[in-house]
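Have a look at the structure below, then the notes.
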Amino acid sequence: MLASEIRARIVALCRDLSRRGFLAATGGNVAIRVDEACFAVTPSAVDYAVLRPQDVCIVRLSDQARIDGDLRPSVETGLHAQVLARRPEVACSIHTHQPAASALALIGEAVAVDDAELLALLGPELPVVGYMPSGTSLLAKKLGRALRANTNAYLLANHGVVCCGPSVEAAVAAVEGLETLARRLLERRIAERASKDEADAPSLRRLLLTIDTR
Ligand SMILES: [Zn+2]
């Protein structure tokens, strides 16, 4: 794909993910590999509703220097660079604050994937990347150390998630699959609390009903 096609693809992808509640306003960001030396990434602080292809930045993989585009690259460009540099088979990396999976990231426990379809998509165990402030190289390095060859979803403690895949479609499927899994696990936790008669179960269930990215 040409860089111009990738830029248009990122705009369409961001609009679609926003419409479905995975990205909100300027929250979250997307990167697609252009070639072995560079990748395209969403700009910093531009609302996805008004994002244009020419706003998408092209940056060098080795040092994240901007090669093309007038705007500043996303503050999380370093996160995507870690994924694309350490996982040569990955074509697309998506960082979101998607509701159910981000709630799961607040719990801060690695997640074992027991569903065969989701396991093929996401990997056997989804690690938690310890908290570091967003947009810092410290967070990017922590993610870099957590990356595994067969794992396409990572929970960023107290923050959100990073999903990736060998194609744009696979990365989007990982975002969707992770949200499905997270919702299922949260519902299971609430059911367990309710069965123990814990007082907060009804309010947790109401909260989960307000989260809807399906
Ligand atoms: Zn974020």
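The values are calculated or read from the model by the stated rules, or taken from the named source; none is laboratory data. Quantities reported herein were computed from a predicted structural model and do not represent experimental measurements. A quick note on method: Cβ atoms are made from the backbone with ideal geometry, for glycine too, and the neighbour counts reach across all protein chains shown. Protein only, heavy atoms only, side chains kept; ligands, DNA and RNA dropped before computing areas. Shrake-Rupley method; radii C 1.70, N 1.55, O 1.52, S 1.80 Å.
Looking at GLU5, GLU36, can you tell me which residue is assigned to a helix (DSSP H, G or I), open to solvent by 70 Å² or more (accessible area, probe 1.4 Å) and acidic (Asp, Glu)?
On the way: GLU36 fails: assigned to a helix (DSSP H, G or I).
Residue meeting the stated conditions: GLU5.
Which numbered condition in (1) within 15 Å of the ligand (Cβ to nearest atom); (2) open to solvent by less than 40 Å² (accessible area, probe 1.4 Å); (3) modelled with pLDDT of 95 or more is the only one that GLY165 fails?
Condition not satisfied by GLY165: (1).
Hey, among VAL56, VAL50, which residue is surrounded by fewer than 23 Cβ atoms within 10 Å (Cβ to Cβ) and of a type in the set (Val, Ile, Thr)? First the steps, then the outcome.
Values: VAL56 fails: surrounded by fewer than 23 Cβ atoms within 10 Å (Cβ to Cβ).
Just a single option satisfies the conditions, and that option is VAL50.
As an exercise: evaluate ASP200 against (1) farther than 15 Å from HIS80 by Cα; (2) surrounded by fewer than 19 Cβ atoms within 10 Å (Cβ to Cβ); (3) modelled with pLDDT of 95 or more and give the number of the one condition it does not meet.
Here ASP200 clears every test but (3).
Could you give every pair whose Cβ atoms fall below 9 Å, whose first residue belongs to the stretch 83-95 and is part of a helix (DSSP H, G or I), and whose second residue is open to solvent by 10 Å² or more (accessible area, probe 1.4 Å), counting only separations of at least 6 or pairs across chains?
VAL83/LEU147; LEU84/ARG33; LEU84/LEU61; LEU84/ALA91; ALA85/LEU61; ALA85/SER62; ARG86/LEU147
Tally the residues that are open to solvent by 50 Å² or more (accessible area, probe 1.4 Å) and either assigned to a strand (DSSP E or B) or touching a Lys or Arg at 6+ places or on another chain (Cβ under 7 Å) (or both), restricting the search to the stretch 59-73.
Kept after step one, since they are open to solvent by 50 Å² or more (accessible area, probe 1.4 Å), are these residues of the stretch 59-73: 60, 62-64, 66-68, 70-72.
Next cut, either assigned to a strand (DSSP E or B) or touching a Lys or Arg at 6+ places or on another chain (Cβ under 7 Å) (or both) only: 60, 66-68.
So the count comes out to 4.
Any residue in the stretch 74-81 that is on the phi > 0 side of the Ramachandran plot and open to solvent by 10 Å² or more (accessible area, probe 1.4 Å)? I'd like the intermediate steps shown before the answer.
Restricting attention to the stretch 74-81, the residues satisfying the condition of being on the phi > 0 side of the Ramachandran plot are none.
For the stretch 74-81, residues on the phi > 0 side of the Ramachandran plot and open to solvent by 10 Å² or more (accessible area, probe 1.4 Å): absent.
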